[in-house]
Amino acid sequence: LCPHRLLPCSVKLTKMLAQSGNDVLCVIDRAVPPELADTFEEHRSFDTAFDSVVSCFKSPMLNVPVIYAPVRELTDYADVRCYQKAAAQSLERAIKSGFRSPMLLVPQSKRFSQAELCTVLGALEKLYVPIHMREIDPSKERRISSLSLLINSPNAEEIMHEALVLESGRFIARDIGVGDPERMAPPQVEEYVRPLFDTLKMKVVDDLGTLNREYPLFAAVNRAASKVTRHQGRIIYLEYTPPNPARKTLMLVGKGVTYDTGGADIKAGGVMAGMSRDKCGAAAVAGFMQVVAEQKPKDIRVIGALCLVRNSVGEEGYVSDEIITSRAGVRVRVGNTDAEGRMCMADALCRMKELVVEEHIQNPHIFSIATLTGHAFISAGLGQSIIVDNSVAAMADHARKLQAAGHVYGEPFEVSVLRQCDFDFNAGKVLGEDLVQCNNLPSTRTPRGHQVPAAFLIQASGLHKHGLNAYKPIRYTHLDIAGSAGEHPEMPTAAPIVALAKTHLID
């Protein structure tokens, strides 16, 4: 099973409600075991808020404290996240009360088929301790000492095992995502992931000459930061090769902007704070690769690329009006240096496309994952990701399948559609340029402000030549996780690792 260091505490199954060595019972379901029924009814008799607020009391029959964090009353529009939230609330109350070894009574749900798994994931997420806190004060690396799970299901072992594997990936993603601009600068991310993936093939591209020659759009973003050794960018490739011939290949490119000043188009008005979270796309790719390394799928090949760069401001910084030729041979005029996410990923996407063609990869699917636009945040709202399929992926109805998995596993998506106007928006305006990287308005004030960047990634990487009628159609999906990655000061969520794993690794 996944290493203990990638979990927030020790986790075990229990079958005993009492005398199990736990110091508190955490209950989130209104249908409680018989041993607690009388106590719950007594509280309901004098407390009309009992089933709507978190409470702590002692069970006379079991002689043990109980924390009750009820799942909210379900409406037609509620989803399984209400179980995750209740589990998190129960653990948070246990920690505040000083308990160290809680038992969580994991409920079943007729309405939500994966409520048990999602409940456990919600509890584990609340127990996460940020990497900088663990390293500065090892005595605080655990919020509790152990968590016991009472899962009344014949699949209890499987549910726990799956939760721990998924959480190990989310743990890595949170570490990278939450790390401050120095702790998780590009060289530090490499140092962090290298010992974690000794079973995977790893290639690090950090030579400035190679980056300038083979990843010119990335290198432009990296130019100012490259003058500071501890901030120098790199692209980290991680690859899993299955023991059997691959029936499909997943290729994931993650935006890893470790700090985004906006560059020469500097972020003003105090909006620069929190921009260390702009690496959560690359963090999700790293976390997904951890899940792959644990699950070891027999016939699925997976390649991940972490595009790690700091968008610094300085005399070496790239500026608007520069024309840079991408790896795919597309001449791109820079419109705004704060649109660096699409710049840092486009060449790596092109490299993935080249691998598909050069190696004659069968059944490939390329992804980009990024906290890319404020428009996605405004469009989907807090907690939701956005899926944008190219024509080939859309023909396979991929977005709806991923959306369905996200709904079941508590990582919801909204589906957006690419249209010709999105590609036309990026077209070069004068002779000598093929594409304009960005207009000079915030994405939130740009119509179709998250679809247009997805179209740019297709165009700048050369993927537009691999559509439905091409000699080699390639499925491509862009995931904008600006709304779901976790806004500072909240912890990173590690979305969309669970939905991706459930859709593409355990189909």
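Here are a few things to note about the model shown:
- Region 336-418: C-alpha gyration tensor shape, a/c 1.5 cut-off, then a/b vs b/c: oblate
- Intensity falloff of region 42-118 expressed as log10 I(q)/I(0), Debye formula with alpha-carbon point scatterers, at q = 0.14 Å⁻¹: -0.51
- Calculated SAXS-style log₁₀ I(q)/I(0) at q = 0.11, 0.12, 0.14, 0.16 Å⁻¹ - region 426-507, Debye, Cα scatterers: -0.47, -0.55, -0.72, -0.88
- Taking a ≥ b ≥ c as the square roots of the Cα gyration tensor eigenvalues, region 1-129 comes out oblate, since a/c reaches at least 1.5 and a/b does not exceed b/c.
- Helical mean residue ellipticity (222 nm; -39500 (n - 2.57) per DSSP H run of 4+; nearest 500) of the chain: -10500 deg cm²/dmol
- DSSP beta bridges in region 1-72 [antiparallel fraction, %, rounded to 5]: 60
- Converting phi to 3J(HN,Hα) with the Karplus coefficients 6.51, -1.76 and 1.60 and the offset θ = phi - 60°, region 201-216 yields 7, 10, 10, 10, 9, 9, 5, 5, x, 5, 4, 5, 7, 9, 9, x Hz in sequence order, with x at every glycine or proline.
- Summing Cβ point charges (Lys, Arg +1; Asp, Glu -1) relative to the Cα centre of region 124-240 gives a dipole of roughly 440 debye.
- In order through region 114-131: 3J(HN,Hα) via Karplus (6.51 cos²θ - 1.76 cosθ + 1.60), integer Hz, x for Gly, Pro: 10, 4, 5, 4, 5, 4, 5, 5, x, 5, 5, 4, 5, 7, 4, 10, x, 4
- Taken about its Cα centre, the chain carries a charge dipole of roughly 520 debye when the Cβ of each Lys and Arg holds +1 and the Cβ of each Asp and Glu holds -1.
- Along each principal axis, Cα extent of region 86-160, largest first, Å: 43, 23, 19
- Positive-end residue of 295, 320, 332, charge dipole of region 294-336 with Cβ unit charges: 295
- Sequentially through region 436-447, phi angles give Karplus couplings (6.51, -1.76, 1.60; θ = phi - 60°) of 9, 5, 6, 7, 10, 10, x, 4, 5, 10, 10, x Hz, Gly and Pro residues having no value and appearing as x.
- The chain: C-alpha gyration tensor shape, a/c 1.5 cut-off, then a/b vs b/c: prolate
- Annotation: amide H-H contacts under 5 Å for residue 50 (H modelled 1.01 Å from N, sequence separation of 5 or more, or interchain): none.
- For region 338-491, the alpha carbon positions stretch 43, 38, 25 Å along the principal axes, listed from largest to smallest.
- Whole-Å semi-axes of the ellipsoid equivalent to region 186-301 (Cα gyration tensor, √5λ, descending): 30, 16, 13
- Folded to 0 to 90 degrees: helix 340-358 orientation relative to the chain principal axis, Cα: 80
- Amide hydrogen neighbours beyond the local backbone of residue 258, cut-off 5 Å, H modeled: 309, 310, 311
- Cross-link table 12/126; 296/465; 85/248, entries beyond 26 Å C-alpha to C-alpha: 296/465; 85/248
- Amide hydrogen neighbours beyond the local backbone of residue 59, cut-off 5 Å, H modeled: 64, 66
- Within the same chain, aspartates and glutamates fewer than 8 places from residue 201 are excluded, and of the rest, those with a Cα less than 20 Å from its Cα are 190, 191, 239, 294, 299, 354, 358, 359.
- Nearest-ten-degree value, helix 280-295 long axis tilted from longest Cα axis of the chain: 60
- With all pairs of separate Cα atoms included, region 283-367 yields a Kirkwood hydrodynamic radius of 15.3 Å.
- Short to long, the 10 Å bins of the Cα pair-distance histogram for region 173-216 hold 24, 42, 34, 1 percent of all pairs.
Bear in mind these aren't lab numbers, they're just calculated from the coordinates by the rules spelled out. Predicted model only: the values in this text are computed from it and were never measured. Here Cβ is always computed from backbone atoms with ideal geometry, including for glycine, and neighbour counts include all displayed protein chains.
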